[in-house]
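Q: Structure in structure tokens, see below.
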Amino acid sequence: MNIIETSDLCKNYGNDVGIKNINLEIKEGEIFGFIGPNGAGKSTFIRTLLGLLHPSSGTAKVLGYNINNKSEEIRKKLGYLPSEVNYYDGMSSRELLEYHSGFYDNVDMKKIRTLSEIFELDLDRKIEELSFGNKKKCAIIQSVIHEPDLLILDEPTSGLDPLMQNRFFELLEEENKKGTTIFFSSHILAEVQRLCNRAAVIRKGEISAVEDILSLLEKQMKKARFVFKEKKELTFISGVQNPTWTNNKLTFDYIGPVKELIQWMNQLELQDAVLEEPDLETIFMNYYQ
Ligand code: ADP
């Protein structure tokens with residue numbers, strides 16, 4: 001079953017494009033990454049799915065419900081972590097989380113305690129006294145305590161230090177194992193690589209690629225360094241980019257079938273060769289260009 005399904009979904013702000021013709025299908029049980037630079041349209045897409053913005057055209061279903069007239073049903077089964085967390089200041093985290101729990105039937109109060117310990121959040125401090133990162137922790141707990149079928153996270157790691165990010169990823173992996181589908185927007189590619197099965201790249205409001213992470217890694221550019229006895233005239237195969245000689249050493253990038261690269265290497269009488277994988281950042285930059 002598709003947990004999120006959109007068809008030519010568009011949202012304009014006056015004459016400005018927020019998102020344009022987004023077609024995505026996210027299946028039950030996936031951890032799906034949504035990657036794009038700031039201003040690409042990630043929040044617009046998410047807020048449209050949640051019924052917080054009305055689409056300019058196109059349709060979408062979340063958890064089987066149409067976003068235009070069933071947003072209440074959707075919200076009951078959904079956990080949402082907004083990119084910017086705003087709360088009523090007068091409450092403590094405990095009061096806020098208990099208040100939030102009142103809207104659902106299935107909240108396990110023990111989970112609030114356990115998660116506050118994991119995230120080292122003092123539940124009795126007033127929200128106004130909390131740092132941005134601590135507010136975020138409260139919002140993380142809020143997003144999962146009712147055991148949602150779908151978790152939508154908008155840039156969730158901003159404000160968390162590396163230790164807390166790690167604990168947060170472990171929490172997401174646990175929730176996913178229990179059956180929660182996760183939709184995760186980010187401009188940080190390493191975290192998408194770590195967590196997600198598939199990812200879509202969004203740029204200027206449009207999806208420019210949807211890939212599973214493994215095939216993305218397989219298709220990726222390789223960085224090569226060949227060492228020859230001495231510099232020589234070569235006929236490069238297609239896929240070789242930016243060849244640069246330094247004395248008897250040749251470096252270049254390669255995008256293409258690895259078999260062809262190895263066949264070529266066989267003829268070259270190499271003294272030494274190193275092939276390296278670039279990080280996801282470099283791979284996605286290929287898509288951006
Ligand atoms: P992201 O979440 O990827 O950073 P956004 O969805 O916030 O991107 O923004 C996508 C585009 O829509 C940007 O060009 C942004 O300036 C524009 N935009 C977002 N919100 C509004 C708004 N309320 N009014 C007008 N333009 C907006």
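Q: Give me a count of the residues in the stretch 179-207 that are within 16 Å of the ligand (Cβ to nearest atom) and open to solvent by less than 60 Å² (accessible area, probe 1.4 Å).
A: Qualifying residue count for the region: 13.
Q: If we only count strands (runs of 3 or more DSSP E) wholly inside the stretch 136-248, which ones have 2 or more residues that are aromatic (F, W, Y)?
A: Per the criteria, 181-186.
Q: Something else about it: Which of the numbered conditions does L53 fail, given that it passes all the others? Conditions: (1) touching a residue at least 12 places away in the same chain (Cβ under 8 Å); (2) over 17 Å from D154 (Cβ atoms).
A: For L53, the failing item is (2).
Q: What helices (runs of 4 or more DSSP H) completely inside the stretch 1-110 contain at least 1 residues that are in contact with a strand residue (DSSP E or B) (Cβ under 7 Å, 6 or more places away or on another chain) and open to solvent by less than 80 Å² (accessible area, probe 1.4 Å)?
A: Passing ranges, in order: 42-49, 71-76.
Q: Please find, within the stretch 217-237, the residue that is surrounded by the most Cβ atoms within 10 Å (Cβ to Cβ) out of those that are touching a Lys or Arg at 6+ places or on another chain (Cβ under 9 Å) and not β-branched (V, I, T).
A: Among them, the one singled out is F226.
Q: Let me ask something else about it. Just to be sure, is T181 hydroxyl-bearing (S, T, Y) and not assigned by TED's automatic domain parsing to the domain that holds H146?
A: no
Q: Taking G256, is it farther than 30 Å from E174 by Cα and either buried (at least 17 other Cβ atoms within 10 Å of the Cβ) or of a type in the set (V, I, T) (or both)?
A: no
Q: Considering only the stretch 29-51, state which residues are more than 8 Å from the ligand (Cβ to nearest atom) and either over 18 Å from S7 (Cα atoms) or of a type in the set (F, W, Y) (or both).
A: Listed by number, the residues that qualify are G29, E30, I31, F32, G33, F34, I35.
Q: Right, next: Taking only the stretch 147-173 into account, find how many residues are modelled with pLDDT of 95 or more and within 16 Å of the ligand (Cβ to nearest atom).
A: 2
Q: May I ask you to list the residues in the stretch 168-178 that are open to solvent by 70 Å² or more (accessible area, probe 1.4 Å) and either touching a residue at least 60 places away in the same chain (Cβ under 8 Å) or closer than 23 Å to G133 by Cβ (or both)?
A: E170, E174
Q: Report yes if L214 is within 16 Å of the ligand (Cβ to nearest atom) and not charged (D, E, K, R), otherwise no.
A: no
The values are calculated or read from the model by the stated rules, or taken from the named source; none is laboratory data. Note that this is a predicted model, so its numbers are computed, not measured. All Cβ positions, even for glycine, are placed from backbone atoms using ideal geometry, and neighbour counts span all protein chains on display. Areas reflect the complete protein model, heavy atoms only, side chains present, ligands, DNA and RNA absent. Shrake-Rupley method; radii C 1.70, N 1.55, O 1.52, S 1.80 Å.
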